[in-house]
């Protein structure tokens with residue numbers, strides 16, 4: 001079960017984790033490449049049942065690399081930073097009152113969501129959505145959110161004072177660029193969450209069933225398709241390029 005502070009248990013946050021187990025993490029600025037070069041793994045906190053299990057993993061690596069001062073120092077910093085970023089007592093809880101965002105994960109209207117932050121740097125860093133693994137950036141426009149719990153004032157400043165906010169217009173632009181995979185937009189997208197999230201989108205096998213076969217696809221051929229939040233399918237076609245297609249044109253062979 002995820003850790004939920006007593007004062008937060010009255011709100012229906014993290015429903016999936018409450019039912020199925022697992023913990024959620026905020027891990028921005030994790031030095032993934034440096035960790036991988038020093039310890040042979042990235043330490044992204046995916047699939048852990050608790051914060052304790054993750055910290056035990058780090059402690060095990062500290063013991064394993066105890067004769068490597070640089071590695072030990074980095075691991076100790078990661079442990080300290082992760083503890084600071086993941087004090088849920090400092091996180092905000094907001095109720096999403098807009099129309100649903102995303103077909104696979106995303107946000108549903110009326111849902112209660114954590115906005116992770118920390119008291120030492122209380123800035124908007126995203127929303128832990130229905131995927132319930134980590135925070136991703138979603139729009140913060142005032143008409144989309146109702147503040148429920150806000151111990152650091154971060155949500156208030158983000159929504160109503162435009163402090164590190166993300167408008168719906170900007171968010172929609174990022175999603176459109178992601179779905180069409182326009183390289184010239186990557187500078188805008190790469191640090192905002194959705195690009196990183198592409199790797200978490202499910203990949204399925206599909207086959208064209210439409211009588212009007214889309215250009216650059218072969219009738220009857222099975223393709224690997226990444227299911228985007230919009231419901232579209234991202235497929236590398238016969239030209240070797242990646243395009244987004246409507247799911248209505250395909251049948252699912254395997255998930």
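The values are calculated or read from the model by the stated rules, or taken from the named source; none is laboratory data. Treat the numbers as computed from the prediction; the structure is a model and nothing was measured. Reconstructed Cβ throughout: ideal geometry from the backbone, glycine too, with neighbour counts over all protein chains shown.
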So, in the range 137-160, of the ones that are within 26 Å of residue 17 (Cα to Cα) and buried (at least 22 other Cβ atoms within 10 Å of the Cβ), which residue ends up modelled with the lowest pLDDT?
-> 138
Per-region count, the range 55-79, residues surrounded by 15 or more Cβ atoms within 10 Å (Cβ to Cβ) and within 24 Å of residue 124 (Cα to Cα) | 2
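With the requirement that a residue be more than 17 Å from residue 2 (Cβ to Cβ) and in contact (Cβ under 8 Å) with a residue 40 or more places away in the chain, what does the range 76-98 give you? Outline the logic, then answer.
Initially, the range 76-98 is screened for residues more than 17 Å from residue 2 (Cβ to Cβ), giving 76-81, 84, 94-98.
Listed by number, the residues that qualify are 78, 81, 94, 95, 96, 97, 98.
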Of the residues in the range 7-35, those that are out of contact with any strand residue (DSSP E or B) (no Cβ under 8 Å at 6 or more places or on another chain), within 25 Å of residue 121 (Cβ to Cβ) and surrounded by fewer than 13 Cβ atoms within 10 Å (Cβ to Cβ) come to 29, 33
Which of the residues spanning the range 126-136 are in a strand (DSSP E or B) and touching a residue at least 40 places away in the same chain (Cβ under 8 Å)?
-> 128, 135, 136
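Any residue at all in the range 170-186 that's in a loop (DSSP other than H, G, I, E, B), modelled with pLDDT of 70 or more and buried (at least 19 other Cβ atoms within 10 Å of the Cβ)?
Narrowing the range 170-186 to residues in a loop (DSSP other than H, G, I, E, B): 181-182.
Add one more test, that the residue is modelled with pLDDT of 70 or more, and what stays is none.
No; the residues of the range 170-186 include none that is in a loop (DSSP other than H, G, I, E, B), modelled with pLDDT of 70 or more and buried (at least 19 other Cβ atoms within 10 Å of the Cβ).
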Mind checking whether some residue in the range 108-125 is over 17 Å from residue 4 (Cα atoms), in contact with a helix residue (DSSP H, G or I) (Cβ under 9 Å, 6 or more places away or on another chain) and in contact (Cβ under 8 Å) with a residue 60 or more places away in the chain?
-> yes
Only one of 239, 210, 230 is modelled with pLDDT under 80, within 24 Å of residue 102 (Cβ to Cβ) and part of a loop (DSSP other than H, G, I, E, B); which?
-> 230
Taking the range 140-164 as the region of interest, how many residues are outside any helix (DSSP H, G or I) and farther than 15 Å from residue 108 by Cβ?
-> 12
Condition test on residue 4, is it touching a strand residue (DSSP E or B) at 6+ places or on another chain (Cβ under 8 Å) and touching a residue at least 40 places away in the same chain (Cβ under 8 Å)?
-> no
